[in-house]
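The values are calculated or read from the model by the stated rules, or taken from the named source; none is laboratory data. Note that the structure is predicted; figures quoted are calculated from it, not measured. Cβ: placed from backbone, ideal geometry, glycine included. Neighbour counts: every protein chain shown.
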Amino acid sequence: MDKDVADLIVGVLGGTGDQGRGLAYRLSAAGNPVIIGSRSVERAQAAAAELGAGVRGMANPDAARESDVVIVAVPWEGHRDLLASLAGPLAGKIVIDCVNPVGFDKRGCFPLPVPSGSAAEQAAEVLPDSRVVGAFHHVSAVVLLDPEVTAVDLDVMVLGEDREATDLVQALAGRIPGIRGVYAGRLRNCGQVEALTANLVSINRRYKAHAGLRVTDI
């Protein structure tokens, strides 16, 4: 990809949800053009209008087609079907999967079993012509959407098979003040990264916090 990371058009599928809107807000504030994708054009455009200049709203296929890099922030339940339907417009693009397959019951949050190993690996299965990277799994939507938070205090673990793609996603993560992108292995290591979200949810509930992660000594 020849464009500088600062000029990349970032699409966010599921951009009307809190996590998607939060990432769209921060990347737009950093100067990247952002497109929010949704099944509903009207919902996408309404969410984009809330975030201000530099953000557009489109239907998911158009957002995928018009973006240079696409973040997947959709509910786990519809993950496979949505991505399979967008395999054409996502071909050749870097696709950043931040979906965490977790469930909730009266005992709290727990990781769900994924036949493919992880959401990111499932994405790679249904998007054979895309460059799938796992990242942004542990970033609190509350923190992302809070305009009083000027720096987001955490590291983002970045996983993938393609070194150029993981380097680019690390650089994109670093455009959000306070965040550092850290390479954390290949996609086969993404399952435990996604599952760790259940532990963070438990921490946040116990301590009434919005905990993130820092990797030391690098």
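Observations
- Residues satisfying the stated conditions in the stretch 155-194, i.e. free of Cβ contacts under 8 Å to residues at least 40 places away in the same chain, aliphatic (A, V, I, L, M) and surrounded by fewer than 22 Cβ atoms within 10 Å (Cβ to Cβ): Val182, Ala184
- Just one of the listed residues (Val152, Val132, Val99) is buried (at least 20 other Cβ atoms within 10 Å of the Cβ) and in a strand (DSSP E or B), namely Val132.
- Arg80 surrounded by 15 or more Cβ atoms within 10 Å (Cβ to Cβ), within 20 Å of Ala135 (Cβ to Cβ), of a type in the set (Lys, Arg) and at pLDDT 95 or above: yes
- Being at pLDDT 95 or above and within 20 Å of Ala165 (Cα to Cα) is a property that Val69 has.
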